[in-house]
Amino acid sequence: MHQRRQILRRKDGLALYWGQGDYNEKRLSYYCDQEGVSIVILSFIANFSGGPKKSPVLDLSDNCKNTNNCSEAARDIKHCQKKGIKVLISLGGAVGPYKRQSWDPDLLAWWLWTKFLGGDDESVSRPFGDVVLDGVDYDPEGVDGEGYDRNIDTLRKLFKTQYPRREYLITAAPQCPDLEKYEKNAVYNILNPSNPKYNSYPNITFVQFYNNKCSASAYNSNKPTAFNFSAWNKWAQKTGSKIYLGVLGKQNNMDTGYVNYEKLTVILDDVERSKNFGGVMMWD
């Protein structure tokens with residue numbers, strides 16, 4: 001069975017974001033050696049068109065100072081992939097130039113393909129050398145959604161026509177209120193493509209159940225609350241996406257909605273019965 005199909009069938013997946021942690025963040029290989037990790041998302045590309053010829057610019061904070069040659073990260077990515085762990089690159093984040101940039105969805109798809117995925121244009125520098133990542137994650141926050149569905153659709157066409165034997169993943173990381181259509185909700189455009197011809201539905205959706213009223217911390221097994229996992233599961237049943245319960249990895253001064261291990265266990269006992277539940281995503 002293909003690894004992609006395996007990861008889309010499992011209900012015990014564990015996804016971690018890596019690249020923007022504080023000074024305590026360890027190198028990537030350390031996290032891939034932890035038990036249960038199945039997906040690692042490199043964060044972020046927050047500059048979609050500021051590089052040469054309107055190329056995207058990688059930002060892994062202190063984990064790679066020369067973003068055109070991240071050799072240590074490249075070695076660690078290979079280590080992770082040898083262990084069967086999927087490694088993705090994430091677009092967006094809470095801050096970044098992308099929020100005020102204009103960008104071409106087709107051109108960005110080509111650059112992502114060429115710099116990080118299966119492209120083989122020798123004139124283009126690849127930050128991770130010959131490493132081929134396993135897909136792209138979308139985490140646009142506080143921006144208009146125009147272009148994201150087309151960008152994903154174009155990427156999937158490249159996957160199919162240029163490298164049909166490899167199975168790539170498309171994932172998204174909406175905040176828990178993002179099922180609703182409101183101003184500057186870019187993820188809504190991914191979850192609900194503006195053009196029905198666009199194939200933009202994520203294979204996996206890492207819903208951020210923190211920093212909002214619908215956070216995991218609002219969960220109460222005895223009465224209805226703002227915690228809206230059931231609404232996300234209903235959406236996933238229509239689209240086929242796997243839903244991961246996104247939680248904070250630790251308490252910090254920047255985020256709200258943290259739940260301790262005991263409460264997380266109670267929540268998981270409830271939501272893991274949902275057909276489209278796929279696992280847990282941890283931030284920081």
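A search for C-beta distances below 6 Å between a residue of the stretch 40-67 that is crowded, with 18+ Cβ neighbours inside 10 Å and any residue that is hydroxyl-bearing (Ser, Thr, Tyr), counting only pairs 6+ apart in sequence or on different chains, returns ILE41/TYR17; ILE41/SER90; SER43/TYR17; SER43/SER90; PHE44/SER90; ALA46/TYR98; PHE48/TYR98; LEU58/THR67. Return a yes/no flag: does the stretch 23-31 have any residue that is under 18 Å from LEU268 (Cβ atoms), surrounded by 13 or more Cβ atoms within 10 Å (Cβ to Cβ) and among the hydroxyl-bearing types (Ser, Thr, Tyr). No, the stretch 23-31 contains no residue that is under 18 Å from LEU268 (Cβ atoms), surrounded by 13 or more Cβ atoms within 10 Å (Cβ to Cβ) and among the hydroxyl-bearing types (Ser, Thr, Tyr).
Could you look through the stretch 212-238, keep only residues that are hydroxyl-bearing (Ser, Thr, Tyr) and at pLDDT 95 or above, and pick out the one that is surrounded by the most Cβ atoms within 10 Å (Cβ to Cβ)? Among them, the one singled out is SER215. On the basis of being out of contact with any helix residue (DSSP H, G or I) (no Cβ under 6 Å at 6 or more places or on another chain), in contact (Cβ under 8 Å) with a residue 60 or more places away in the chain and not charged (D, E, K, R), does LEU169 make the cut? For LEU169, the condition - out of contact with any helix residue (DSSP H, G or I) (no Cβ under 6 Å at 6 or more places or on another chain), in contact (Cβ under 8 Å) with a residue 60 or more places away in the chain and not charged (D, E, K, R) - is met.
Of the residues making up the stretch 229-262, those that are more than 15 Å from CYS214 (Cα to Cα) and part of a helix (DSSP H, G or I) number 8. Within the set PRO140, PRO174, PRO127, PRO196, the sole residue that is farther than 16 Å from ILE41 by Cα and of a type outside the set (Gly, Ala, Ser) turns out to be PRO196. Condition (residue is closer than 22 Å to ASN228 by Cβ, in contact with a Phe, Trp or Tyr (Cβ under 7 Å, 6 or more places away or on another chain) and not in a loop (DSSP other than H, G, I, E, B)) applied to the stretch 155-172: is it met by at least one residue? Within the stretch 155-172, one or more residues are closer than 22 Å to ASN228 by Cβ, in contact with a Phe, Trp or Tyr (Cβ under 7 Å, 6 or more places away or on another chain) and not in a loop (DSSP other than H, G, I, E, B). Could you please find all residues in the stretch 173-192 being assigned to a loop (DSSP other than H, G, I, E, B) and either surrounded by fewer than 20 Cβ atoms within 10 Å (Cβ to Cβ) or out of contact with any helix residue (DSSP H, G or I) (no Cβ under 6 Å at 6 or more places or on another chain) (or both)? Selection gives ALA173, GLU180, LYS181, TYR182, GLU183, LYS184, ASN192.
Which members of the stretch 134-154 meet the condition of being among the aliphatic types (A, V, I, L, M) and either part of a strand (DSSP E or B) or in contact with a Leu (Cβ under 6 Å, 6 or more places away or on another chain) (or both)?
VAL136, VAL143
At least 1 residues being over 30 Å from ARG273 (Cα atoms) is the threshold, and among the helices (runs of 4 or more DSSP H) wholly inside the stretch 1-112 those reaching it are 28-32, 71-82.
The values are calculated or read from the model by the stated rules, or taken from the named source; none is laboratory data. Quick caveat, the model's predicted, so the values are computed rather than measured. Virtual Cβ from ideal backbone geometry, glycine too; neighbours counted across all protein chains shown.
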